[in-house]
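As structure tokens, the structure follows; a few thoughts come after it.
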Amino acid sequence: MTRPKVGPGESGPKVPVHVAIIMDGNGRWAKRRGLPRLRGHQAGAESVRAIIRACRDAGVKYLTLYAFSVENWVRPRAEIRGLMSLLKRFLRRDERDLHENKVRLRVIGRLADLPAEIQQELKRVMKATEHYDAGQLILALSYGSRTELSDAVRRIARRVRDGEVTPDAIDEKTIAANLYAPDVPDPDLMIRTSGELRISNFLLWQLSYAELYFTDVLWPDFREEQFREALAEYARRHRRFGDIG
Ligand code: IPE
Ligand code: IPE
Ligand code: MG
């Protein structure tokens, strides 16, 4: 597992290397304005753009955004369709920004569950940006942490069956190495908007030592100023990783 190198009594780096966000509250934002839910998702897409820029400016290297969970497939079909078309628009319109800022796009989740057209577009942009190293934008799509862990266990079991690993050799590193994006360091800071105090099946393994930040602000209202507040709060936290001090 990747952890920042910190000695006893020292706090970690003041700017998080990796920020993971549960972007919640689009529906309620729209409802409060008497608008259809999709309008909330549209406004939320503007927050996505603002936060990507804010990460670049603050020096955050990895940004993981929970955009669609495995559980979200139970939503009305029209809402799912709307979300997918927003994603498509984002991939088309914002690709240039990724190139300009040398940001690599990645996806965690069950890519194969997504509509074929979206898969194609995602693969295209991922391929076109795979050599960039200024930062990474990781979209969690049809993502569920329990699904990710089940997929990892299945892969490890196959390797045991094929004689590549012995059961006794399985450790934390083996599990971490079989997750969707094994080379990405664990999140330092996890933000959830909209006042819900839960993880909703997001990065259960990777968040083991993340600092958690919850805010009542709804995602469409979460912009650079609110993000900076979260970073400031993170900078005040004292991470101990089990040590004293
Ligand atoms: C988050 O906003 C976006 C997705 C989960 C796709 P919601 O759509 O969950 O908004 P609320 O929670 O209903 O307000
Ligand atoms: C979590 O939000 C998933 C995403 C932000 C994509 P939800 O709105 O789906 O979570 P619950 O259902 O309130 O836990
Ligand atoms: Mg929600």
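Residue-by-condition table, conditions (1) in a helix (DSSP H, G or I); (2) touching a Pro at 6+ places or on another chain (Cβ under 7 Å); (3) surrounded by 19 or more Cβ atoms within 10 Å (Cβ to Cβ):
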| site | (1), (2), (3) |
| --- | --- |
| 35 | no, no, no |
| 52 | yes, no, yes |
| 81 | yes, no, no |
| 99 | yes, no, no |
| 104 | no, no, yes |
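When residue 69 is tested against (1) crowded, with 19+ Cβ neighbours inside 10 Å; (2) at pLDDT below 95; (3) of a type outside the set (Asp, Glu), only condition (2) is not met.
State whether one or more residues within the stretch 156-176 are within 18 Å of residue 67 (Cα to Cα) and outside any helix (DSSP H, G or I). No, there is no match, as no residue in the stretch 156-176 is within 18 Å of residue 67 (Cα to Cα) and outside any helix (DSSP H, G or I). Applying the set (1) open to solvent by less than 60 Å² (accessible area, probe 1.4 Å); (2) at pLDDT below 95 to residue 136 leaves exactly one unmet item: (2).
Within the stretch 107-122, is there a residue that is within 16 Å of ligand 3 (Cβ to nearest atom) and either surrounded by fewer than 18 Cβ atoms within 10 Å (Cβ to Cβ) or part of a helix (DSSP H, G or I) (or both)? Among the residues of the stretch 107-122, not one is within 16 Å of ligand 3 (Cβ to nearest atom) and either surrounded by fewer than 18 Cβ atoms within 10 Å (Cβ to Cβ) or part of a helix (DSSP H, G or I) (or both), which makes the answer no.
As a summary of the residue check, residue 216 satisfies the conditions (1) surrounded by 16 or more Cβ atoms within 10 Å (Cβ to Cβ); (2) under 21 Å from residue 49 (Cα atoms) except for the one numbered (1). Among the criteria (1) within 16 Å of ligand 1 (Cβ to nearest atom); (2) loosely packed, with under 12 Cβ neighbours inside 10 Å; (3) of a type outside the set (A, V, I, L, M, F, W, C), the one residue 192 does not fulfil is (2).
The values are calculated or read from the model by the stated rules, or taken from the named source; none is laboratory data. Not measured: the values here are computed from a predicted model. Cβ sites come from the backbone with ideal geometry, for glycine too, and all protein chains shown count toward neighbours. Ligands, DNA and RNA are excluded from the accessible area calculation, which covers all protein heavy atoms including side chains. Shrake-Rupley method; radii C 1.70, N 1.55, O 1.52, S 1.80 Å.
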